[in-house]
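Chemist: Have a look at this one before I ask anything.
The values are calculated or read from the model by the stated rules, or taken from the named source; none is laboratory data. Worth saying up front: this structure is predicted, and the values here are computed from it rather than measured. Counting neighbours? That spans all protein chains shown, and the Cβs are built from the backbone with ideal geometry, glycine included. What goes into the accessible areas is simple: the full protein's heavy atoms, side chains included, and nothing from ligands, DNA or RNA. Shrake-Rupley method; radii C 1.70, N 1.55, O 1.52, S 1.80 Å.
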Amino acid sequence: MILDDIIRFRRSHFPREFSGESVPDSLIHRMLENARWAPSHKLTMPWRFRVFAGEEKNALCAAMEQYYLQFTPAEKFDQKKLDKIRTYPVKVSHIISIGMHPGGAVPEWEELAATAMAVQNMWLTLTEEPNAAGYWTSGNGTGSDFMKQKTGLLADDKQLGFFLLGMVAQKRTHAERPHL
Ligand SMILES: Cc1cc2nc3c(=O)[nH]c(=O)nc-3n(C[C@H](O)[C@H](O)[C@H](O)COP(=O)(O)O)c2cc1C
């Protein structure tokens, strides 16, 4: 695949589309290796990824459910959303927690930018895979102290969400982007 297509065919796929089959660990390793090659000012490599699979993944899904039950204001509670979270243990194969460690050597926005570029490298690694898919969610307790603790981050680190991964029958390639 040429680079233009790798960029343009990268898609978000959601747990409702996942079959429940496992994404090969070798692919997870490739994603993490490609993440490592993202640029960072002063080579701080501020991203802090943690991969959850198997029982650890199920425990993190349970924590997402617990977060929803504990921290959703009554007026915002949505049973459908809770039901969706409850499908994660069966549907989702791996979860990569996206963290960032601000080391202080460069401004924090640069560390955020570098972390997002590392996530993009992981995401682009999936483009050519016919069935392995995922997306970056900024829900499910993203940014909370609760999730910082569950994902093993330090007090000053930022919890920036989760990359949810699974297998899908058929990946989409088409999308629209307006010209700005
Ligand atoms: C930082 C970030 C956070 C995101 N958070 C969510 C999310 O919480 N829920 C969601 O449905 N999609 C989320 N997305 C995915 C976007 O909705 C998706 O990338 C966008 O709709 C474009 O679709 P595409 O990735 O298939 O091109 C997020 C994307 C980014 C970059």
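Chemist: Here are some residues: Gly104, Gly134, Gly99, Gly143. Which one is among the small types (Gly, Ala, Ser), within 11 Å of the ligand (Cβ to nearest atom) and either modelled with pLDDT of 95 or more or closer than 25 Å to Ala175 by Cβ (or both)?
Modeler: Step by step, each of Gly104, Gly134, Gly99, Gly143 is checked, and only Gly134 is among the small types (Gly, Ala, Ser), within 11 Å of the ligand (Cβ to nearest atom) and either modelled with pLDDT of 95 or more or closer than 25 Å to Ala175 by Cβ (or both).
Chemist: What pairs can you find where one residue is in region 147-162 and on the phi > 0 side of the Ramachandran plot, the other is away from the ligand (no atom under 12 Å from the Cβ), and their Cβ atoms are less than 7 Å apart, with a gap of 6+ or different chains?
Modeler: Pairs that qualify, where the first residue is on the phi > 0 side of the Ramachandran plot and the partner is away from the ligand (no atom under 12 Å from the Cβ), are Gly152/Arg50.
Chemist: Of (1) assigned to a helix (DSSP H, G or I); (2) open to solvent by 60 Å² or more (accessible area, probe 1.4 Å), Glu65 satisfies all except one. Which?
Modeler: Condition not satisfied by Glu65: (2).
Chemist: In region 1-57, how many are basic (Lys, Arg) and in a loop (DSSP other than H, G, I, E, B)? Write out each step before concluding.
Modeler: Kept after step one, since they are basic (Lys, Arg), are these residues of region 1-57: 8, 10-11, 16, 30, 36, 42, 48, 50, 57.
Those left that are additionally in a loop (DSSP other than H, G, I, E, B): 10-11, 36.
Looking only at that region, the number is 3.
Chemist: Are any of the residues in region 75-88 outside any strand (DSSP E or B), within 12 Å of the ligand (Cβ to nearest atom), farther than 26 Å from Glu56 by Cα and among the acidic types (Asp, Glu)?
Modeler: Filtering region 75-88 for residues outside any strand (DSSP E or B) gives 75-88.
Add one more test, that the residue is within 12 Å of the ligand (Cβ to nearest atom), and what stays is 81, 84.
Filter again for farther than 26 Å from Glu56 by Cα, leaving none.
Checked against the condition, which is being outside any strand (DSSP E or B), within 12 Å of the ligand (Cβ to nearest atom), farther than 26 Å from Glu56 by Cα and among the acidic types (Asp, Glu), region 75-88 yields no hits at all.
Chemist: While we're looking at this one, here's another question. Restricting region 1-60 to residues that are in contact with a Gly (Cβ under 8 Å, 6 or more places away or on another chain) and open to solvent by 60 Å² or more (accessible area, probe 1.4 Å), which is nearest to the ligand (Cβ to nearest atom)?
Modeler: By that ranking, first place goes to Arg48.
Chemist: Restricting to region 149-180, name every residue that is out of contact with any Lys or Arg (no Cβ under 8 Å at 6 or more places or on another chain) and open to solvent by less than 30 Å² (accessible area, probe 1.4 Å).
Modeler: Of everything in region 149-180, those that are out of contact with any Lys or Arg (no Cβ under 8 Å at 6 or more places or on another chain) and open to solvent by less than 30 Å² (accessible area, probe 1.4 Å) turn out to be Gly161, Phe162, Phe163, Leu164, Leu165, Val168.
Chemist: Looking only at region 89-116, filter to residues that are under 22 Å from Lys150 (Cα atoms) and in a helix (DSSP H, G or I); which one of those is most open to solvent (accessible area, probe 1.4 Å)? Lay out the reasoning, then the answer.
Modeler: Filtering region 89-116 down to residues under 22 Å from Lys150 (Cα atoms) leaves 89-103, 111-112, 115-116.
Imposing the further condition that a residue be in a helix (DSSP H, G or I) reduces the set to 89-91, 111-112, 115-116.
Details: Pro89: 48, Val90: 110, Lys91: 59, Glu111: 3, Leu112: 67, Thr115: 0, Ala116: 40 Å².
Looking at residues that are under 22 Å from Lys150 (Cα atoms) and in a helix (DSSP H, G or I), I get Val90.
Chemist: In addition: Taking the condition more than 15 Å from the ligand (Cβ to nearest atom), touching a residue at least 12 places away in the same chain (Cβ under 8 Å) and either over 15 Å from Phe14 (Cβ atoms) or in a helix (DSSP H, G or I) (or both), does Val119 pass? Show your work before the answer.
Modeler: Working: more than 15 Å from the ligand (Cβ to nearest atom): no; touching a residue at least 12 places away in the same chain (Cβ under 8 Å): yes; either over 15 Å from Phe14 (Cβ atoms) or in a helix (DSSP H, G or I) (or both): yes.
No: the conditions fail for Val119.
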